[in-house]
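Colleague: Sending over a structure as structure tokens; questions will come in a sec.
The values are calculated or read from the model by the stated rules, or taken from the named source; none is laboratory data. Only a predicted model underlies this, so the values are computations on that prediction, with no experimental measurement involved. Methodologically, a virtual Cβ is constructed for each residue, glycine included, from the backbone with ideal geometry; neighbour enumeration extends over all protein chains shown.
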Amino acid sequence: MIYFNGIKGKNYFEGWFFRVCSDHFNCALIPSVSVCGGERKAYIQINCNRVSKRIEFDFRDFSATDQEVRIGNNRFSDQGITFSSEIVSLDVSFGGFAGLEKDIMGCFKFGTPCKHKIISMKHEVRGTARFHHKKMTLYNAVGYIEKDWGKSFPRAYCWLQCNEFAEKNAAFFLSVADINLPILGLICVLIVDGREYRFATYNFARIEKLKKGEIVLKKSKTRLQIKFWGDNAQELSAPEKGRMKNVIKEDLDGTIELKLFEGEKPAYTFHGKNAGVEWVDFP
């Protein structure tokens, strides 16, 4: 399921984020639809091997169900991707999804201008890819899928994602955002060998430190220290009142270090590569 919500109102966007990572191929594809007043458009954004591009389509080229998004001849689903452009092409299938126990938004799904859903924290990807003129076969690639919908991205936010760690079978996601409330909105999940550690404003987790490069979270006696680095951010478009008018920067080549403490005792340490990093308008 890719959970199409349907066009809602005169100022609306809905987009899906598909990642595929292997040793020599690091790619995100973002199919989306944008509605602002009487203007309706569809897009596919590419962030691949440190190259980004936005491809614009007529709205009539877009169609979606809970099973599949189609834009032109390109197809995106929880089964795989068929996509072709001058920069990159993909013909891949997915398997072995790692989902969440409960929806990541909790009570934030009510009333916020941007809603978020994690479809798969980690899954297998197999098939073929092309980057410029180089063709490759993907045997043990790793995937990730999420989506956003609403009117606008938050004014300021941090987004982190990684599912390639040296130590264990783990997957990680975090978003901290200004959601026009007296406190910041936090949603974060770390999955380790099938066990879920969740930190969120709605489950009384708190942010002990927030600066570019380091975040510390605490929930009861569990503390998560996050350090992250990224120097290869590419430009992407982001929605404001439905229109894809803002520019953000996203790095898919980041590195990340996680330390999970149970009380004062460190339970896990993880070192991740190919981390997704966005730091937008926080000091």
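Colleague: I'd like the residue in region 172-197 that is among the aromatic types (Phe, Trp, Tyr) and under 14 Å from the mean Cα position of the chain (by Cα) and, out of all such residues, is surrounded by the most Cβ atoms within 10 Å (Cβ to Cβ).
Modeller: Filtering region 172-197 for residues that are among the aromatic types (Phe, Trp, Tyr) and under 14 Å from the mean Cα position of the chain (by Cα), the one surrounded by the most Cβ atoms within 10 Å (Cβ to Cβ) comes out as Phe172.
Colleague: I'm checking my understanding of the structure. Among residues of region 254-268 that are surrounded by 14 or more Cβ atoms within 10 Å (Cβ to Cβ) and not small (Gly, Ala, Ser), which one is farthest from Asn26 (Cα to Cα)?
Modeller: Phe261
Colleague: Would you please name the residue that is nearest to Cys107 (Cα to Cα), looking only at residues in region 171-191 that are at pLDDT 95 or above and β-branched (Val, Ile, Thr)?
Modeller: So the residue we want is Ile187.
Colleague: Here's something else I'd like to know. Say we look at region 35-52 and pick out the residues that are assigned to a strand (DSSP E or B), under 17 Å from the mean Cα position of the chain (by Cα) and not polar (S, T, N, Q); which of these is surrounded by the fewest Cβ atoms within 10 Å (Cβ to Cβ)?
Modeller: Here the residue is Tyr43.
Colleague: If a residue has to be part of a loop (DSSP other than H, G, I, E, B) and closer than 17 Å to Gly254 by Cα to count, how many in region 142-166 make the cut?
Modeller: 3
Colleague: Here is a further query. Could you say which residue among Ser32, Ser89 is in contact (Cβ under 8 Å) with a residue 40 or more places away in the chain and either under 17 Å from the mean Cα position of the chain (by Cα) or loosely packed, with under 13 Cβ neighbours inside 10 Å (or both)?
Modeller: Ser32
Colleague: Still on this structure, please answer the following. From (1) touching a residue at least 60 places away in the same chain (Cβ under 8 Å); (2) surrounded by 16 or more Cβ atoms within 10 Å (Cβ to Cβ), pick out the condition that doesn't hold for Asp251.
Modeller: Checking Asp251 against (1) touching a residue at least 60 places away in the same chain (Cβ under 8 Å); (2) surrounded by 16 or more Cβ atoms within 10 Å (Cβ to Cβ), the one that fails is (1).
Colleague: Consider Ser63 against the criteria (1) surrounded by fewer than 16 Cβ atoms within 10 Å (Cβ to Cβ); (2) within 19 Å of Ser22 (Cα to Cα): it satisfies all of them except one. Which criterion is unmet?
Modeller: If we test Ser63 against (1) surrounded by fewer than 16 Cβ atoms within 10 Å (Cβ to Cβ); (2) within 19 Å of Ser22 (Cα to Cα), just (2) comes out false.
Colleague: From the list Ile7, Ile30, which one is of a type outside the set (Asp, Glu), outside any strand (DSSP E or B) and closer than 14 Å to Trp149 by Cβ?
Modeller: Result: Ile7 is the single residue among Ile7, Ile30 that is of a type outside the set (Asp, Glu), outside any strand (DSSP E or B) and closer than 14 Å to Trp149 by Cβ.
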